[in-house]
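The values are calculated or read from the model by the stated rules, or taken from the named source; none is laboratory data. Keep in mind it's a predicted model, so treat the numbers as computed, not measured. Using ideal geometry, Cβ is built from the backbone for each residue, glycine included, and neighbour counts are taken over all protein chains shown. SASA here: full protein model, heavy atoms, side chains in, ligands and nucleic acids out. Shrake-Rupley method; radii C 1.70, N 1.55, O 1.52, S 1.80 Å.
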Amino acid sequence: GTTDGTVTVLYFARSAELTGLREEELVAVPTPISSAQVAKLRRSDQVAARRADGDSSCFCRLVALQGRVVLAVRRQYVTIGNQQLSLQDGDEVAVVPPLSGG
Amino acid sequence: GTTDGTVTVLYFARSAELTGLREEELVAVPTPISSAQVAKLRRSDQVAARRADGDSSCFCRLVALQGRVVLAVRRQYVTIGNQQLSLQDGDEVAVVPPLSGG
Amino acid sequence: MAEPPRDVFRLRRDWLSVQEVVDSVSSSRCGAVSVFIGRTFIILLLFLRAGRATREDQVEGRKVIGLQYEAYEAMVQSELSRLAGALRARWPSLLHVCIHHRLGWVKVGEASIVMAISSPHRQDCQEAIQHAVTQLKANAPIWKKEVYDSQESSWKENSECSWSQRGGASD
Amino acid sequence: MAEPPRDVFRLRRDWLSVQEVVDSVSSSRCGAVSVFIGRTFIILLLFLRAGRATREDQVEGRKVIGLQYEAYEAMVQSELSRLAGALRARWPSLLHVCIHHRLGWVKVGEASIVMAISSPHRQDCQEAIQHAVTQLKANAPIWKKEVYDSQESSWKENSECSWSQRGGASD
């Protein structure tokens, strides 16, 4: 199935710079879904890819992070992989580059 | 021999309370002298002892410290024992009860 | 009469007051307060100018003029609450925990983080604060960019963060 | 251009300012400042009133209302200089060391000691400050008397002091 409503994707630091976005809303997200698939859901990249030549690679911009990125789903860290997630309307997913607080 | 001038003995905290003194000057102190002998040199106790009945025990008041005391000779800690010290005119000797700074 | 433990976390865009953080953890029941202050310091990066002959290597310095911080603010609160809970589980004597962290532009020399922990005896709060700083660097969703006098900038990565390039190293 | 290391030791009869101590160790070259604040806390001593029947043991409390500090001031300076030298030998990256300690009457809740150490990286100053507090308690000729609301008082002894009753124990 897919989510009824929207899932908000948040970008920070280098992931915000690379996507040019702070935040976007996704609709009708498949669920359950693996965290690796979530990482490819970003609409901005899908749009950019479609506009270019239908390239199905959605990871074009964040590739600069070279795998050094995790997600935070409902404010819990989730590594990008095969882990299955159930997303719901209103969920918040963040694309989290390496931390540098302190 | 003995020192030409004076040696100042300083008392702090419980050692000051027990002797009733903050400071006293000793003259003609034997030198070299063991740290144990220095600990017995205090004039106030000698006077008190003479006044009473010639009791030669000079450690009467500080006995309450039950050995938990060291000296500081020229601002260096010296445990009370057989260690030989050369005292000179103007030297400062402190009677140092257990520390409680911090 | 027991004073309930307090966890105080603030993300602030203005100057951090050490006294305010210390006051937040003060208690007549606590004999010890440990404080950690993290600040920006000047790094002189030396690099070779590309294309120059090796004999005349042009060494240039660039200086950090400040830091730009940002955070996933809501998640900072939840991560720090989790962190405080873990500290209290490991050091049950801890009383109050207070963390102030800067966001936005921070000039060189200004504190970017001030953390204080109180406990009856010093060993507990001293051990806890070392652990807390490490865990904050590993888990609090906060990012900083060093900005140089050359107008360049670069996002930093804590070695404590498990998915950083330096991940797993100890700092 | 190198900033010479500073050792600042003060024995003060008035309120200690954490900010002042932190400012004393601040440097644009230092990424980390560790601070330790020692305070008096309320101890409720429970004791049995002598001569009462065990069934009706009368428990009384007495409360610390404050502390009276005194010091061998000149020797405090020499011992703290020695301590700072030992710290720098063990952690060569340390920049500044500042210790303010109260003398005279200190009310419950007021800081009796504030210590700060700065270094480029946090691990050095955090380790050094733990060691410094232990060494200060072991060697600085400073004494405190707890004064109770019952008008009684008692001289305290640091377990870190090798000639105390509790000597050799770790606190």
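When the residues of the range D:111-130 are narrowed to those that are of a type in the set (A, V, I, L, M) and over 10 Å from the mean Cα position of the chain (by Cα), which ends up surrounded by the fewest Cβ atoms within 10 Å (Cβ to Cβ)?
D:Ala128
If you take the residues in the range D:86-110 that are more than 14 Å from chain B (Cβ to nearest Cβ) and in a strand (DSSP E or B), which one is farthest from C:Cys125 (Cα to Cα)?
D:Trp105
Quickly run through the range D:61-77 and pick out the residues that are of a type outside the set (A, V, I, L, M), closer than 22 Å to D:Ser154 by Cα and within 11 Å of another protein chain (Cβ to nearest Cβ). Walk me through it before giving the result.
Applying the first criterion (of a type outside the set (A, V, I, L, M)) to the range D:61-77 yields D:61-63, D:66, D:68-70, D:72-73, D:77.
Add one more test, that the residue is closer than 22 Å to D:Ser154 by Cα, and what stays is D:61-63, D:66, D:68-70, D:72-73.
Listed by number, the residues that qualify are D:Lys63, D:Gln68, D:Tyr69, D:Glu70, D:Tyr72, D:Glu73.
Name the residues in the range C:85-110 that are surrounded by fewer than 23 Cβ atoms within 10 Å (Cβ to Cβ) and closer than 21 Å to D:Gln130 by Cβ, would you?
Within the range C:85-110, C:Ala86, C:Leu87, C:Arg88, C:Arg90, C:Trp91, C:Pro92, C:Ser93 meet the criteria.
Determine if the range A:75-90 includes at least one residue that is at pLDDT 95 or above and among the hydroxyl-bearing types (Ser, Thr, Tyr).
Looking for residues that are at pLDDT 95 or above and among the hydroxyl-bearing types (Ser, Thr, Tyr), one finds at least one in the range A:75-90, hence yes.
For the range B:62-102, how many residues meet the condition of being within 11 Å of chain D (Cβ to nearest Cβ) and charged (D, E, K, R)?
4
Of the residues C:Gln165, C:Gln135, C:Gln151, C:Gln123, which single one is among the polar types (S, T, N, Q) and facing chain A (nearest Cβ under 7 Å)? Spell out how you get there, then give the answer.
Values: C:Gln135 fails: facing chain A (nearest Cβ under 7 Å); C:Gln151 fails: facing chain A (nearest Cβ under 7 Å); C:Gln123 fails: facing chain A (nearest Cβ under 7 Å).
Of C:Gln165, C:Gln135, C:Gln151, C:Gln123, the one residue that is among the polar types (S, T, N, Q) and facing chain A (nearest Cβ under 7 Å) is C:Gln165.
Within the range B:1-11, can you find the residues that are in contact with a strand residue (DSSP E or B) (Cβ under 6 Å, 6 or more places away or on another chain) and either closer than 11 Å to B:Glu92 by Cα or surrounded by 19 or more Cβ atoms within 10 Å (Cβ to Cβ) (or both)?
Let us first name the residues in the range B:1-11 that are in contact with a strand residue (DSSP E or B) (Cβ under 6 Å, 6 or more places away or on another chain), namely B:2, B:6-11.
Residues satisfying the conditions are B:Thr6, B:Val7, B:Thr8, B:Val9, B:Leu10, B:Tyr11.
Within the group D:Ile117, D:Ile113, which residue is in a strand (DSSP E or B), facing chain B (nearest Cβ under 9 Å), within 24 Å of C:Ala132 (Cβ to Cβ) and not acidic (Asp, Glu)? Can you show your working first?
Numbers: D:Ile117 fails: facing chain B (nearest Cβ under 9 Å).
The conditions single out D:Ile113.
Name the pairs whose Cβ atoms lie under 6 Å apart, with the first residue in the range C:21-36 and within 7 Å of chain D (Cβ to nearest Cβ), the second open to solvent by 10 Å² or more (accessible area, probe 1.4 Å) and assigned to a strand (DSSP E or B), and 6 or more positions between them or separate chains?
C:Gly31/D:Arg39
Within the range C:9-23, count every residue that is under 15 Å from the mean Cα position of the chain (by Cα) and not aromatic (Phe, Trp, Tyr). Even if it seems obvious, please write down each step before you answer.
Our first condition is that a residue be under 15 Å from the mean Cα position of the chain (by Cα); within the range C:9-23, this holds for C:9-13, C:15-18, C:21.
Keeping just the survivors that are not aromatic (Phe, Trp, Tyr) gives C:10-13, C:16-18, C:21.
Summing the residues that are under 15 Å from the mean Cα position of the chain (by Cα) and not aromatic (Phe, Trp, Tyr) in the range C:9-23 gives 8.
Is it the case that D:Glu3 is more than 20 Å from C:Ser34 (Cβ to Cβ), out of contact with any Phe, Trp or Tyr (no Cβ under 7 Å at 6 or more places or on another chain) and modelled with pLDDT of 75 or more? I'd like the intermediate steps shown before the answer.
Numbers: more than 20 Å from C:Ser34 (Cβ to Cβ): yes; out of contact with any Phe, Trp or Tyr (no Cβ under 7 Å at 6 or more places or on another chain): yes; modelled with pLDDT of 75 or more: yes.
Yes: the conditions hold for D:Glu3.
Right, C:Ser78: small (Gly, Ala, Ser) and either closer than 24 Å to D:Ala32 by Cα or at pLDDT below 95 (or both) or not? Spell out how you get there, then give the answer.
Details: small (Gly, Ala, Ser): yes; either closer than 24 Å to D:Ala32 by Cα or at pLDDT below 95 (or both): no.
Answer is no for this residue.
Could you tell me whether any residue of the range D:78-85 is away from chain B (no Cβ under 14 Å), in a strand (DSSP E or B) and either out of contact with any Asp or Glu (no Cβ under 7 Å at 6 or more places or on another chain) or of a type in the set (Val, Ile, Thr) (or both)?
The first filter runs over the range D:78-85 and keeps only residues away from chain B (no Cβ under 14 Å), leaving D:84-85.
Now drop any that are not in a strand (DSSP E or B), which leaves none.
No, that holds for no residue.
At pLDDT 95 or above and out of contact with any helix residue (DSSP H, G or I) (no Cβ under 8 Å at 6 or more places or on another chain): is that true of D:Pro120 in this structure?
Numbers: at pLDDT 95 or above: no; out of contact with any helix residue (DSSP H, G or I) (no Cβ under 8 Å at 6 or more places or on another chain): yes.
When the stated conditions are applied, D:Pro120 does not pass them.
Say we look at the range C:131-155 and pick out the residues that are free of Cβ contacts under 8 Å to residues at least 40 places away in the same chain and of a type outside the set (Ser, Thr, Tyr); which of these is surrounded by the most Cβ atoms within 10 Å (Cβ to Cβ)?
The residue in question is C:Lys137.
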